[in-house]
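Participant: Below you'll find the structure I mean.
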Amino acid sequence: LKTRGNTLKYGLIFHSSFIQRSQKENRGKISRYLANKAAIASRIDCFMDAPPQVFGEKLKDQVEARLSFFEGGAKPQSNKAVMAEALEQYNTILRKRSKKASKSTREEAEEEVVVSKKKTRVEA
């Protein structure tokens with residue numbers, strides 16, 4: 001600022017490896033896309049109790065797909081389709097967690113029953 005030079009147009013995002021890998025004419029588009037995905041990731045992180053890595057991985061894959069679109073022309077998946085896929089994976093993770101939790105509570109209940117039976121036998 002003191003030298004009255006031009007400031008960076010894209011700020012800190014411009015120094016990302018995603019931006020540096022793209023061609024010069026596509027850097028503005030990629031930086032906006034990356035900023036949008038970062039905003040989505042921060043919202044997911046803010047509003048979920050324990051966000052899994054599924055959403056971050058899917059968002060990163062979307063940025064990679066957009067880079068390959070600008071390089072080769074392969075059309076990336078829509079955000080709606082990718083987030084639906086991420087939600088399916090998240091739901092399977094939740095189901096697995098609930099099964100583990102119910103199994104552990106059942107085991108604890110069985111242990112309590114065994115301990116109470118031993119106490120009644122010792123008292124008798």
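For (1) charged (D, E, K, R); (2) out of contact with any Phe, Trp or Tyr (no Cβ under 7 Å at 6 or more places or on another chain); (3) closer than 23 Å to GLU25 by Cα, each residue gets a yes or a no:
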| residue | (1), (2), (3) |
| --- | --- |
| ALA38 | no, yes, yes |
| CYS46 | no, yes, no |
| GLY56 | no, yes, no |
| ASP61 | yes, yes, yes |
| PHE70 | no, yes, yes |
| GLN77 | no, yes, yes |
| VAL82 | no, yes, no |
| GLU85 | yes, yes, no |
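Participant: Among (1) under 30 Å from GLY28 (Cα atoms); (2) in a helix (DSSP H, G or I), where does ARG97 come up short?
Facilitator: (1)
Participant: Here is a follow-up. Take LYS99 and decide whether it is at pLDDT below 90, open to solvent by 50 Å² or more (accessible area, probe 1.4 Å) and over 18 Å from PHE18 (Cβ atoms). Working first, answer last.
Facilitator: Numbers: at pLDDT below 90: yes; open to solvent by 50 Å² or more (accessible area, probe 1.4 Å): yes; over 18 Å from PHE18 (Cβ atoms): yes.
Answer is yes for this residue.
The values are calculated or read from the model by the stated rules, or taken from the named source; none is laboratory data. Just so it is clear, the structure is predicted and the values come from calculations on it, not from any experiment. Every residue, glycine as well, gets a Cβ built from its backbone with ideal geometry; the counts of neighbours run over all protein chains shown. All accessible areas refer to the heavy atoms of the entire protein, side chains included, with ligands and DNA or RNA removed. Shrake-Rupley method; radii C 1.70, N 1.55, O 1.52, S 1.80 Å.
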